[in-house]
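Asker: The following block contains the structure, expressed as structure tokens.
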Amino acid sequence: MAPPRRSSAAGGGAGKKRSRSKLNVDLSGHGGQYEDAVDDDITPTLHDEDVESEEDDFDKDMMDASEDEDEDSEEDETVDAKRLRLAREYLSKMEAQESSSDGESDSDDDESDGGADQADKVGKRIAKERLRKSGLLQTHLADSILEGVQTMRGNIAKKIGIDAASQAWMGGEAGDASAEKYAKSWLDAKYVTYHRGHDLTPTSVALSQDGHTAFSGAKDGSLVMWNVEEGRKVSCILPAVKHHDGDNNNRNQREILAIATSDDDRYMAVGGRDNCVRIFDIRTLGKSTSSSPITTLEGHKKAVTSLAFRSRTLDLYSGSEDRCIRRYDLNAMTYVETLYGHQSPVLGIDCAHKNRPVSIARDRTVRVWKVEEDSHLVFRPGGDVGSSECVSAIQDGWFVTGHDDGRLALWKEEKKRPVGNVVVAAHGYHGGTSGVTRSVICCDALGLSDVLATGSNDGYLRLWRVSTADKGAGIKPLDSVPIHGHINSIAVGPGGKFCVAAVGQEPRLGRWDRVPRAKNRFAIIQLNSGEEK
């Protein structure tokens, strides 16, 4: 007998009748009621399920085949094709963002040349993103800082009187008393805050890359870590050396003269009169009771007066009174080489992204070191220009020097003379215009920007606008903030919103020209108004 399912596979009503008869014969022994149930319910259900299962299997096979084709196409896509596809998707996304942001306002004006303008905007944005990710994007912050300082000055003038504020700000004939009173008004308004942490004059400051943490060192050998946002001392990394800890010579040997931090916020280098460079791990500072350096780099024969990290690297340079510059690699914590050339003690050093540090010394020369070529360039201000006291790199090929005769100069590697006009008496004179000019003790330029800050003992932190354009390059005065005492070191924070300074009674490298009424403090100076910050 043929199986029932094979006979039911034939279409039409006859097929259904034959399936019923065969089912009746097969199931006759189970009774008529069961046969009816099979005829009415089970047989059609079995037939429908068989047909549906065949269709489902066909659909699944088709889906599996399509998925296999997609996987094969993805596997067949080369690396270059994938990069091209991702680049097109990125460009489409940026074009959509630009069109959505500018579409409402410029819908009527861009009908004729909208495509060209759109492509130009996207190209500029891509170039800007590339520079930002590589850390080479230049910013213009001078106008925003000027607006912030003028807003704060206007608020203070309303409190103490416009005439008193203007007289104190002009200085000169007003005398030191009015300047000191004017500086106190900024302290009362909390635009400038002093923080106690050192017994003797602070000599150097440094900031972390994000600006949240600051470090300061002083002549008493103390090294302090600060929380800038909260304005409090986090920990004392190195304690002050007291008189009873040893003789006076030992205390002088522990003077800290220079601090530098790496851009990745991993390491901090500290140098002083102990002729050594101590390296600390910033990631562990303040988290444990132990604050010992992870390594001590020796080699200098005299005091270490300056330190600088190469931007976005762990290459460290140290300048000393032994007229030498030493280079270290903190990836391996090793000494690399010594740079010779200066004929007098090195006072300052700085380095931008290129491996070309710039240094200054008492020999009245400025030198740019071509480390990879094993040579260097010598710049001489010429004339009666005094020796440099400080140096700061603005960007690759551009740097600023401050001199002991009060001059401020902008330099370019391709030119042997300063670019633009040299600023004379940047911080005024001792006892009026007929006196001796005040030296520029320290300077710091916010990298890849147009902002420069300088310090001296005239009672003001001076702000300058620096232009590196082909036409009109030079330094122009921007504004000032009253700070009473010697400003020995400055570090401008990210975005130019604030800066920190080492303020004291004495200059960094000596004890002359003392300001007795000044306080030895770590200062935080706000450069933008409170609302904007």
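The values are calculated or read from the model by the stated rules, or taken from the named source; none is laboratory data. Quick caveat: nothing in here was measured; it's all calculated off a predicted structure. Note that we place each Cβ from the backbone using ideal geometry, even for glycine, and neighbour counts take in every protein chain shown. Calculation scope for accessible area: heavy atoms of the full protein, side chains included, ligands and nucleic acids excluded. Shrake-Rupley method; radii C 1.70, N 1.55, O 1.52, S 1.80 Å.
Asker: Considering only the stretch 421-437, state which residues are touching a Lys or Arg at 6+ places or on another chain (Cβ under 9 Å) and among the small types (Gly, Ala, Ser).
Answerer: Hits for the stretch 421-437 are ALA425, ALA426, GLY428.
Asker: Looking only at residues in the stretch 285-312 that are without any contact (Cβ under 8 Å) to a residue 40 or more places away in the chain and polar (S, T, N, Q), which one is most open to solvent (accessible area, probe 1.4 Å)?
Answerer: Checked the stretch 285-312; the qualifying residue most open to solvent (accessible area, probe 1.4 Å) is THR289.
Asker: Check whether at least one residue in the stretch 324-335 is open to solvent by 10 Å² or more (accessible area, probe 1.4 Å), over 22 Å from CYS443 (Cβ atoms) and aliphatic (A, V, I, L, M), and report yes or no.
Answerer: Yes, the stretch 324-335 has at least one match.
Asker: Follow-up. For the stretch 406-420, which positions are out of contact with any Lys or Arg (no Cβ under 6 Å at 6 or more places or on another chain) and farther than 20 Å from ILE490 by Cβ?
Answerer: Once the filter is applied, which keeps residues that are out of contact with any Lys or Arg (no Cβ under 6 Å at 6 or more places or on another chain) and farther than 20 Å from ILE490 by Cβ, the stretch 406-420 yields LYS412, GLU413, GLU414, LYS415, LYS416, ARG417, PRO418, GLY420.
Asker: Can you name the residue in the stretch 407-421 that is farther than 16 Å from ALA469 by Cα and at pLDDT 95 or above and, of all such residues, is least open to solvent (accessible area, probe 1.4 Å)?
Answerer: Result: LEU408.
Asker: Let me ask something additional. Could you please give the count of residues in the stretch 474-506 that are over 17 Å from GLY148 (Cβ atoms), surrounded by fewer than 24 Cβ atoms within 10 Å (Cβ to Cβ) and polar (S, T, N, Q)?
Answerer: Matching residues across the stretch 474-506 total 1.
Asker: Against the definition (charged (D, E, K, R) and touching a Lys or Arg at 6+ places or on another chain (Cβ under 7 Å)), how does ASP444 come out, yes or no?
Answerer: No.
Asker: For SER439, state whether it is touching a residue at least 24 places away in the same chain (Cβ under 8 Å) and of a type in the set (S, T, N, Q).
Answerer: For SER439, the condition - touching a residue at least 24 places away in the same chain (Cβ under 8 Å) and of a type in the set (S, T, N, Q) - is met.
Asker: Would you call ARG465 in contact with a helix residue (DSSP H, G or I) (Cβ under 9 Å, 6 or more places away or on another chain), modelled with pLDDT of 95 or more and open to solvent by 20 Å² or more (accessible area, probe 1.4 Å)?
Answerer: Yes; evaluated as a whole, the condition is true for this residue.
Asker: Residues that are under 15 Å from LYS519 (Cα atoms) and open to solvent by 50 Å² or more (accessible area, probe 1.4 Å), at least 1 per element: which strands (runs of 3 or more DSSP E) completely within the stretch 175-240 meet that?
Answerer: Once the strands (runs of 3 or more DSSP E) in the stretch 175-240 are filtered for at least 1 residues that are under 15 Å from LYS519 (Cα atoms) and open to solvent by 50 Å² or more (accessible area, probe 1.4 Å), what remains is 192-195.
Asker: Does ARG83 satisfy the criteria of being at pLDDT 75 or above and open to solvent by 100 Å² or more (accessible area, probe 1.4 Å)?
Answerer: Here the answer is yes, as ARG83 does meet what is asked.
Asker: To continue, here is another question. Quick one: which strands (runs of 3 or more DSSP E) lie wholly within the stretch 354-394 and hold at least 1 residues that are open to solvent by 40 Å² or more (accessible area, probe 1.4 Å) and without any contact (Cβ under 8 Å) to a residue 12 or more places away in the chain?
Answerer: Qualifying strands (runs of 3 or more DSSP E): 375-379.
Asker: If you take the residues in the stretch 422-431 that are in contact (Cβ under 8 Å) with a residue 24 or more places away in the chain and more than 20 Å from GLY472 (Cβ to Cβ), which one is surrounded by the fewest Cβ atoms within 10 Å (Cβ to Cβ)?
Answerer: The residue in question is GLY428.
Asker: Restricting attention to the stretch 395-405, which residues are surrounded by 22 or more Cβ atoms within 10 Å (Cβ to Cβ) and more than 24 Å from GLN138 (Cα to Cα)?
Answerer: HIS403
Asker: Here's something else I'd like to know. Please state which one of SER73, SER112 is loosely packed, with under 11 Cβ neighbours inside 10 Å, in a helix (DSSP H, G or I), of a type in the set (S, T, N, Q) and modelled with pLDDT under 70.
Answerer: Going through SER73, SER112 in turn, just one is loosely packed, with under 11 Cβ neighbours inside 10 Å, in a helix (DSSP H, G or I), of a type in the set (S, T, N, Q) and modelled with pLDDT under 70: SER73.
Asker: Can I ask one more? Taking ALA269 as the residue in question, decide whether it is crowded, with 23+ Cβ neighbours inside 10 Å and at negative phi.
Answerer: Judged against the criteria, ALA269 is a match.
Asker: Does THR454 qualify as being open to solvent by 10 Å² or more (accessible area, probe 1.4 Å) and either hydroxyl-bearing (Ser, Thr, Tyr) or in contact with a helix residue (DSSP H, G or I) (Cβ under 6 Å, 6 or more places away or on another chain) (or both)?
Answerer: Spelling it out, it is not the case that THR454 is open to solvent by 10 Å² or more (accessible area, probe 1.4 Å) and either hydroxyl-bearing (Ser, Thr, Tyr) or in contact with a helix residue (DSSP H, G or I) (Cβ under 6 Å, 6 or more places away or on another chain) (or both).
Asker: Does VAL436 satisfy the criteria of being at pLDDT 95 or above and of a type outside the set (D, E, K, R)?
Answerer: Considered against the rule, which asks whether it is at pLDDT 95 or above and of a type outside the set (D, E, K, R), VAL436 comes out as no.
Asker: Looking at ALA445, ALA361, ALA453, ALA352, can you tell me which residue is farther than 22 Å from GLY472 by Cα, small (Gly, Ala, Ser) and within 23 Å of the chain's Cα centre (by Cα)?
Answerer: None of the other options fit; the residue is ALA352.
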